[in-house]
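Take a look at the structure below.
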Amino acid sequence: MTPSSDSDSDYDYASKVWDETHNYDAVLRYLRDRGVSKLDSIKALHEFCGVSLGDAKRIAARSAVWQDTLAELEKLHNTVIKGATAKEPTDGRSC
């Protein structure tokens with residue numbers, strides 16, 4: 001992750017939050033309060049908390065900090081699955 005120079009101090013301080021608390025939610029809350037995206041927060045967990053990207057994604061997804069986005073993601077997931085599994089019309093036409 002290469003944050004812009006404007007956000008360097010946010011990432012530096014978030015790293016300090018981790019060093020002081022070893023609390024994922026504290027780091028995620030700090031980053032989100034400063035407008036850092038969920039994706040960049042996941043990358044940050046990976047980089048300075050020492051977890052794999054998969055674990056960082058799971059930590060963020062289950063975090064109270066990002067809980068409000070879960071319903072939207074589930075709705076999108078269900079829409080994609082429904083569209084992918086929908087049967088094609090059987091009106092006799094072919095592509």
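The values are calculated or read from the model by the stated rules, or taken from the named source; none is laboratory data. Everything numeric here is computed off the predicted structure, so don't read it as measured data. Every residue, glycine as well, gets a Cβ built from its backbone with ideal geometry; the counts of neighbours run over all protein chains shown.
Residues Ala64, Ala60: which one is in contact with a Ser or Thr (Cβ under 9 Å, 6 or more places away or on another chain) and under 14 Å from Leu28 (Cβ atoms)?
One residue alone meets the criteria, Ala60.
How many residues are surrounded by 12 or more Cβ atoms within 10 Å (Cβ to Cβ), closer than 17 Å to Ser15 by Cβ and modelled with pLDDT of 90 or more if we restrict to the range 33-52?
12
For the structure I just gave you, tell me whether Lys75 is without any contact (Cβ under 8 Å) to a residue 12 or more places away in the chain, surrounded by 10 or more Cβ atoms within 10 Å (Cβ to Cβ) and among the charged types (D, E, K, R).
So Lys75 passes the test.
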